[in-house]
Amino acid sequence: MNPKDLPEAEQKRIALNLLLDAWDAALARGVAPEILATTAIYAALTDMVDLHGEELVADLFIDLPRRIRDGEFTLKRHS
């Protein structure tokens, strides 16, 4: 089966599992979590810009500061 024939939810599940495996492997090899995180963001943004262009990507992330402050990306709350 061509991977593009998979439903989007299944593609996302596979992609996340592969990324988490790579993340764990990088941590195990001594990469600092903050370096890994910024490198992952950089890689994602460069691919998105390559696929969609700078303006569309910038527009997609215009609300990012608010979303971060609203806790959308917070997995555990700090006291």
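Looking only at region 56-68, which residues are among the charged types (D, E, K, R) and loosely packed, with under 10 Cβ neighbours inside 10 Å? Step through it out loud before you land on a result.
First pass over region 56-68, keeping only residues among the charged types (D, E, K, R): 59, 63, 66-67.
Correct list: ARG66 only.
Answer with yes or no whether ALA9 is surrounded by 10 or more Cβ atoms within 10 Å (Cβ to Cβ) and among the aliphatic types (A, V, I, L, M). Can you show your working first?
Values: surrounded by 10 or more Cβ atoms within 10 Å (Cβ to Cβ): no; among the aliphatic types (A, V, I, L, M): yes.
So ALA9 does not fit the description; no.
May I ask you to say which residue of ALA44, ALA22 is outside the structural domain of PHE73 (by TED's automatic domain parsing) and either modelled with pLDDT under 95 or within 21 Å of PHE73 (Cβ to Cβ) (or both)?
Working: ALA44 fails: outside the structural domain of PHE73 (by TED's automatic domain parsing).
When all the criteria are applied, what remains is ALA22.
Determine which single condition LEU18 fails, assuming it passes every other condition in (1) assigned to a helix (DSSP H, G or I); (2) more than 13 Å from the chain's Cα centre (by Cα).
LEU18 satisfies all of (1) assigned to a helix (DSSP H, G or I); (2) more than 13 Å from the chain's Cα centre (by Cα) except (2).
So which residues in region 69-79 are modelled with pLDDT under 95 and surrounded by 10 or more Cβ atoms within 10 Å (Cβ to Cβ), if there are any at all?
Residues satisfying the conditions are GLU72, THR74.
Kindly establish whether LYS4 is more than 13 Å from the chain's Cα centre (by Cα), in a loop (DSSP other than H, G, I, E, B) and not β-branched (Val, Ile, Thr).
Details: more than 13 Å from the chain's Cα centre (by Cα): yes; in a loop (DSSP other than H, G, I, E, B): no; not β-branched (Val, Ile, Thr): yes.
Answer is no for this residue.
Of everything in region 30-55, what is surrounded by fewer than 12 Cβ atoms within 10 Å (Cβ to Cβ), farther than 23 Å from LEU20 by Cβ and either more than 17 Å from the chain's Cα centre (by Cα) or not charged (D, E, K, R) (or both)? Give them in sequence order.
GLY53, GLU54, GLU55
The values are calculated or read from the model by the stated rules, or taken from the named source; none is laboratory data. What you see is a predicted model; the values in this text were computed from it and never measured. Because the Cβ atoms are built from the backbone with ideal geometry, glycine has one as well, and the counts that use them run over all protein chains shown.
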